[in-house]
2 protein chains.
Amino acid sequence: MFTEVIKKDNTCHDCKDISCAAAVLNIKQLGLVTSNSQESFLKKGEVILHEGSLTSHIIYLKTGLAKEYIKRSGEKEQILQIVKKHTYLGLPSLFGDRINHYSYAALEDCKICYIDINMFNSLIRENGNFAYEILISTSRDSLNNINRFLHRSQKKVYGRVADAILYFSKIIYEGDKFSLPISRQELADLIGVSRESATRVLIKFKSEGIISLKGRSITIVNMDLLEQISQKG
Amino acid sequence: MFTEVIKKDNTCHDCKDISCAAAVLNIKQLGLVTSNSQESFLKKGEVILHEGSLTSHIIYLKTGLAKEYIKRSGEKEQILQIVKKHTYLGLPSLFGDRINHYSYAALEDCKICYIDINMFNSLIRENGNFAYEILISTSRDSLNNINRFLHRSQKKVYGRVADAILYFSKIIYEGDKFSLPISRQELADLIGVSRESATRVLIKFKSEGIISLKGRSITIVNMDLLEQISQKG
DNA sequence: ACAAATATGTGATATTAATCACAAAAAAAG
DNA sequence: CTTTTTTTGTGATTAATATCACATATTTGT
């Protein structure tokens with residue numbers, strides 16, 4: 001019985017955290033994935049993947065939260081997005097030029113799966129439905145990222161901070177009370193403003209009763225107003 | 001002989017402007033594409049596709065140049081990129097939610113091909129190699145766009161204008177002498193600055209001998225310096 | 001528990017680039 | 001070939017936000 005439990009945890013077929021895409025694979029293909037993938041654990045703060053490295057494996061985030069970012073020497077860090085569990089990391093890089101374009105670091109303890117890229121590619125070529133699911137996920141990701149960037153560039157600091165709070169509320173935590181998984185500096189890097197400006201606006205929102213704020217804990221008090229600020233820039 | 005020429009122009013198999021992806025289809029599949037697609041012509045300035053519309057057909061740009069942009073009422077126009085021939089328009093929108101997220105307008109007279117989306121989708125599902133090619137093209141597009149946005153947001157006006165000039169030189173025209181296909185306002189919309197600022201910087205570059213400029217014609221005189229300005233922001 | 005290191009908050013100042021208000025030039029229309 | 005419309009260029013002004021320079025918390029390590 002004990003060995004059976006271990007076995008369940010170790011096959012993709014029985015994995016609770018299986019991806020939407022892998023769900024369309026047949027038993028044989030899933031078995032292939034099982035024998036060509038490797039689970040691993042990372043502690044909060046650890047780097048999962050570094051930009052510039054060659055993609056030797058696909059990484060699938062089974063549990064936990066990570067940041068997707070770029071940090072070039074001399075430049076300030078830019079956070080593209082916060083990545084939730086059940087997501088493949090760096091797919092566009094794999095299909096683009098096989099060099100990772102973004103870095104990923106764990107914001108919480110994470111469970112990840114390394115998957116062999118050659119097997120991953122052959123699955124795409126031999127199973128159109130799998131390919132289709134991957135296309136859907138990369139397409140949505142692209143639309144979301146570009147959408148966020150486009151809007152950001154039209155907005156002033158108030159609108160951007162409002163956006164960030166709504167992003168954590170609606171996309172990441174799906175609730176209006178949460179604890180930010182990132183520092184003020186990182187929040188600023190996520191929305192492309194200075195740390196000081198981000199801080200100031202958060203405190204302004206607090207003093208105006210739009211949010212309640214204590215350290216990294218935020219509760220949205222006046223959602224309508226926050227959305228209005230996000231809209232109007 | 002005359003009819004043969006006509007026929008050649010009208011089948012995908014003999015199309016000079018066939019996409020990389022379609023090139024991996026077999027004869028039968030190409031025949032299917034031929035009978036489910038329709039060529040069309042657009043004049044400079046015409047809108048090819050409007051954001052918010054439902055994707056009823058995939059559009060493939062056979063010849064000409066177009067701009068990919070977003071224009072919401074009240075907001076200023078944002079140009080995402082200039083699209084060259086041999087490109088599918090709006091693929092991420094098709095796989096995302098079937099609503100077009102971007103608009104496209106012809107910057108030159110264009111020849112386009114409307115392709116039925118149901119057939120396109122079934123080709124992806126039944127031909128993994130085709131799917132793979134589509135994945136490559138959407139992935140590269142996504143990386144390029146996000147790369148451009150990320151760098152832009154770190155740069156001041158000088159760096160952005162330099163970027164735009166280099167973009168037309170290296171990506172669009174592949175030469176250091178070209179005529180801008182867009183107005184000053186559109187150039188500003190492409191790099192996210194005001195028209196006045198864009199104009200001022202262009203003139204500054206001209207007066208410093210970095211480019212020669214007459215109306216919309218640009219020749220890059222000092223490429224090294226221009227690249228340095230692009231790098232240093 | 002204490003010291004050191006790191007993160008956060010705050011005011012003053014500087015800088016950048018947008019906006020405004022026109023003038024000039026170029027393109028389109030008649 | 002004019003007249004009208006659109007695009008482009010230019011100076012002055014304004015507004016937004018980054019930067020700097022610290023003070024104050026908070027976290028981490030010993």
* Structure fact -> When the range B:212-233 is checked residue by residue, the ones that are open to solvent by less than 40 Å² (accessible area, probe 1.4 Å) and farther than 19 Å from residue B:178 by Cα are B:229, B:233
* Structure fact -> If we keep only residues of the range B:122-136 that are surrounded by fewer than 18 Cβ atoms within 10 Å (Cβ to Cβ) and either more than 9 Å from chain A (Cβ to nearest Cβ) or of a type in the set (D, E, K, R) (or both), then the residue nearest to residue B:88 (Cα to Cα) is B:125
* Asked: Cβ-Cβ below 7 Å, separation at least six or inter-chain, first residue in the range A:167-179 and closer than 18 Å to residue A:230 by Cα, second in a loop (DSSP other than H, G, I, E, B) and of a type outside the set (Val, Ile, Thr): which pairs?
  -> A:168/A:180; A:169/A:175; A:169/A:176; A:172/A:84
* Restricting attention to the range A:178-228, which residues are in a helix (DSSP H, G or I), within 12 Å of DNA strand D (Cβ to nearest atom) and more than 23 Å from the chain's Cα centre (by Cα)? -> A:196, A:197, A:199, A:200, A:201, A:204
* Structure fact -> Counted residues in the range B:142-168 being open to solvent by 50 Å² or more (accessible area, probe 1.4 Å) and facing chain A (nearest Cβ under 10 Å) come to 5
* Asked: In the range B:87-103, what count of residues is obtained for those that are more than 9 Å from chain A (Cβ to nearest Cβ) and closer than 25 Å to residue B:35 by Cβ?
  -> 6
* **Of all residues in the range B:33-86 being without any contact (Cβ under 8 Å) to a residue 40 or more places away in the chain and open to solvent by less than 70 Å² (accessible area, probe 1.4 Å), the one that is farthest from residue B:127 (Cα to Cα)** => B:75
* Does residue A:118 meet the test of being free of Cβ contacts under 8 Å to residues at least 24 places away in the same chain and more than 10 Å from chain B (Cβ to nearest Cβ)? -> yes
* **Among the residues listed as A:168, A:178, the single one being of a type in the set (Phe, Trp, Tyr), out of contact with any Pro (no Cβ under 9 Å at 6 or more places or on another chain), at negative phi and not assigned by TED's automatic domain parsing to the domain that holds residue A:63** => A:178
* When you go through (1) open to solvent by less than 70 Å² (accessible area, probe 1.4 Å); (2) at pLDDT 95 or above; (3) touching a Gly at 6+ places or on another chain (Cβ under 7 Å) one by one for residue A:107, which number turns out not to apply? -> (3)
* Asked: Picking from A:189, A:224, A:176, which residue would you name as being more than 10 Å from chain B (Cβ to nearest Cβ) and within 27 Å of residue B:143 (Cα to Cα)?
  -> A:189
* To do: Please work out if residue B:160 is in contact with a Ser or Thr (Cβ under 8 Å, 6 or more places away or on another chain), within 12 Å of DNA strand C (Cβ to nearest atom) and basic (Lys, Arg).
  => no
* Read through the list (1) in contact (Cβ under 8 Å) with a residue 40 or more places away in the chain; (2) within 14 Å of DNA strand C (Cβ to nearest atom); (3) surrounded by 22 or more Cβ atoms within 10 Å (Cβ to Cβ), then give the number of the only condition that residue B:188 fails. => (1)
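The values are calculated or read from the model by the stated rules, or taken from the named source; none is laboratory data. No experiment lies behind these values; they were computed from the predicted model shown. Positions of Cβ are generated from backbone atoms using ideal geometry, with glycine treated the same way; all protein chains shown enter the neighbour counts. We work out accessible area using only protein heavy atoms, side chains counted, and drop any ligands, DNA or RNA first. Shrake-Rupley method; radii C 1.70, N 1.55, O 1.52, S 1.80 Å.
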